[in-house]
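**Student:** For reference, the structure I am asking about is given below.
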Amino acid sequence: MPDITHISKCRLCGQQFKAIAQGVPIIGEPQEKQMVKFLGGVFQHLASKHMAHPQLQELIGFAILACIESPDPAVQEAQKNARHNMHRRTVDPKWGPQPFPDEVLQHAIAGIGLETEQAAHVMRLVTEVRDALLEQGPAVAQATEMPVMVSSE
Ligand SMILES: [Zn+2]
């Protein structure tokens, strides 16, 4: 019988978690329930061992801020910064820390064979789209890296 479990590891301490491989049905237990059970176990581990870790604090802070509405400008600023920082952290790592640098775009545009003026126009357009999607560049005010420490007190 093939091994149908996968071992997942906590990135913070190496603790291992067994989970049933996705796509392998267990009679009487829907896959969603298996995933909920798995995530519940990981959550218990994180809550008991790593609550003070900055990465976890940032994620929890984002989740909390996303659940409230507030007229308080300080809270709104914190929400804006948390959303921006989360957006930056969720860009696919395959694109690297600075996705689509100018040199790569210029090389790709040069390959099209446009006149110099047209190529410059396309470059401006493409970099504006890149910067808007990645929330970077001169048109975007830089959000502050503001750690949100979560405390129940
Ligand atoms: Zn751990």
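**Student:** Considering every residue within the range 90-100, establish whether at least one is modelled with pLDDT of 90 or more and away from the ligand (no atom under 16 Å from the Cβ).
**Tutor:** Checking the range 90-100: at least one residue is modelled with pLDDT of 90 or more and away from the ligand (no atom under 16 Å from the Cβ).
**Student:** Only residues that are without any contact (Cβ under 8 Å) to a residue 12 or more places away in the chain and of a type in the set (D, E, K, R): list them for the range 90-134, please.
**Tutor:** ASP92, LYS94, GLU103, GLU115, GLU117, ARG124, GLU128, ASP131
**Student:** Among the residues that make up the range 123-137, is at least one of them more than 30 Å from PRO54 (Cα to Cα), of a type in the set (Asp, Glu) and modelled with pLDDT of 70 or more?
**Tutor:** Yes, the range 123-137 contains at least one residue that is more than 30 Å from PRO54 (Cα to Cα), of a type in the set (Asp, Glu) and modelled with pLDDT of 70 or more.
**Student:** Check LYS49, LYS80 and return the single one that is within 20 Å of SER8 (Cα to Cα), of a type in the set (Lys, Arg) and at pLDDT 90 or above.
**Tutor:** Exactly one residue qualifies, and that residue is LYS49.
**Student:** Also, I was wondering about something else. Return only the number of the condition from (1) away from the ligand (no atom under 16 Å from the Cβ); (2) without any contact (Cβ under 8 Å) to a residue 24 or more places away in the chain; (3) among the hydrophobic types (A, V, I, L, M, F, W, C) that MET86 does not satisfy.
**Tutor:** If we test MET86 against (1) away from the ligand (no atom under 16 Å from the Cβ); (2) without any contact (Cβ under 8 Å) to a residue 24 or more places away in the chain; (3) among the hydrophobic types (A, V, I, L, M, F, W, C), just (2) comes out false.
**Student:** Only one residue in ASP92, ASP72 is closer than 30 Å to ARG130 by Cα, exposed (fewer than 15 other Cβ atoms within 10 Å of the Cβ) and acidic (Asp, Glu), so which one is that?
**Tutor:** ASP92 is the lone residue from the list that is closer than 30 Å to ARG130 by Cα, exposed (fewer than 15 other Cβ atoms within 10 Å of the Cβ) and acidic (Asp, Glu).
**Student:** Could you tell me how many of the residues in the range 34-69 are surrounded by fewer than 11 Cβ atoms within 10 Å (Cβ to Cβ) and of a type in the set (S, T, N, Q)?
**Tutor:** 2
**Student:** Having 3 or more residues that are among the basic types (Lys, Arg) is the bar; report the helices (runs of 4 or more DSSP H) wholly within the range 10-128 that clear it.
**Tutor:** 31-49, 73-89
The values are calculated or read from the model by the stated rules, or taken from the named source; none is laboratory data. Quantities reported herein were computed from a predicted structural model and do not represent experimental measurements. Because the Cβ atoms are built from the backbone with ideal geometry, glycine has one as well, and the counts that use them run over all protein chains shown.
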